[in-house]
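The values are calculated or read from the model by the stated rules, or taken from the named source; none is laboratory data. These numbers come from a predicted model, not from an experiment. All Cβ positions, even for glycine, are placed from backbone atoms using ideal geometry, and neighbour counts span all protein chains on display. Just the protein is used for accessible areas: all its heavy atoms, side chains included, with ligands, DNA and RNA removed. Shrake-Rupley method; radii C 1.70, N 1.55, O 1.52, S 1.80 Å.
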Amino acid sequence: MTRITTISTFALTAVAILSSTAAYAEGDLNLYSSRHYDTDERLYSDFTDQTGITINRIEGNADELIARIEAEGRNSPADVLLTVDTSRLERAKNAGVLQSIDSAVLEDRIPANLQDSDNQWFGFSQRARIIFYDKANVTEPPMDYLSLADPKYKGMVCHRSSSNVYGQTLLSSIIENHGEEAAREWAQGMVDNFARDPEGGDTDQLRALVSGECDISVSNTYYFARAVRTDVSGLSSDLDKIGWVFPAQDAEGAHMNLSGAGVAANAPNRDNAIKFLEYLASDQAQQYFSAGNDEYPAVPSVERSESVKSLGEFKSDTVNLSDVAKNLPTAQKIFNEVGWE
Ligand code: FE
């Protein structure tokens, strides 16, 4: 009995190893991705059509993927890490799971402020984090981020939890643009003005304007643009009730975050990984980012999709996101100090 059990366990192990080897054939591209948008399928199939390189996708939560690459160490099959938000890309860099690369294509196509200072990650699409408000209740909306903390908006403002990267990066940018003291005052003022304890995602912040729970909220632009383009329940039918402000147009401009990628530290298919990043900067891939997920292309010459255009022209903050990301530990400290859950 014992003997049989041992053999079958061995057989199972062998099958597991074989199948995992088969999943990572040499000459492919092993893509670790935390982007979860259906529309990204076209990005991957077009790359394969153009290059003949098969993409093996490992999808998951960004922090789990970073931990997995770390745990796999030198033997990691990861070639590229693709994720959203500067905070996460910086976390990946600090964890040592990315490597610096040289690419004339990326240097030429991707603006300098959307690249890591050591070329360990590159931004491929942008999203603005802006102010939305209930037009019926708010006649004088805040025109910049700091004004969200004005006591006149007490009990009116909603934002998601500080455990989410979007708020972490926004606060980090406020530290960069206005200094740590002003950033702490702002965070305290936000907490004082909250209409409810932070909860939900960005779409929920917009829905709360429609339901009347909040008068002013903050969201990434693509959640609103998506509700323009498709039917988002509890939101799309009431979009005319919502006004929006691209903040700080007389100052630094609207805070922009990004979706980006880097080559994994021990990439077995390094050349393919660089090819994939260069593909993401192509006109075609850039248009998919904009049309498929309502984001702003990172490459300035690429045209925006209709849903994105409907939000209007604005001035964006061009602060270097690599510098912003260095403020993340301070941002976390401030969130804890002011009790922003
Ligand atoms: Fe998002």
**Study point:** One residue from I69, I55, I131, I110 being more than 16 Å from the ligand (Cβ to nearest atom) and touching a helix residue (DSSP H, G or I) at 6+ places or on another chain (Cβ under 6 Å)
**Key:** I55
Exercise for review: Would you mind stating whether G253 is at positive phi, away from the ligand (no atom under 16 Å from the Cβ) and open to solvent by 30 Å² or more (accessible area, probe 1.4 Å)?
Suggested key: no
Review point. Within the range 293-307, how many residues turn out to be assigned to a loop (DSSP other than H, G, I, E, B) and buried (at least 23 other Cβ atoms within 10 Å of the Cβ)?
Key: 3
Exercise for review: Give, as residue ranges, the helices (runs of 4 or more DSSP H) completely inside the range 156-241 that count at least 3 residues that are open to solvent by 30 Å² or more (accessible area, probe 1.4 Å) and within 16 Å of the ligand (Cβ to nearest atom).
Suggested key: 221-229
Revision key, fill the gap. Only unsatisfied item for V324, checking (1) open to solvent by 50 Å² or more (accessible area, probe 1.4 Å); (2) in a helix (DSSP H, G or I); (3) within 17 Å of A254 (Cβ to Cβ), is (1)
**Study point:** Search result, residues across the range 242-265 that are hydrophobic (A, V, I, L, M, F, W, C) and not in a strand (DSSP E or B)
**Key:** F246, A248, A251, A265
Point to revise | One residue from S290, S282, S316 being open to solvent by 10 Å² or more (accessible area, probe 1.4 Å) and in contact with a strand residue (DSSP E or B) (Cβ under 6 Å, 6 or more places away or on another chain) | key: S316
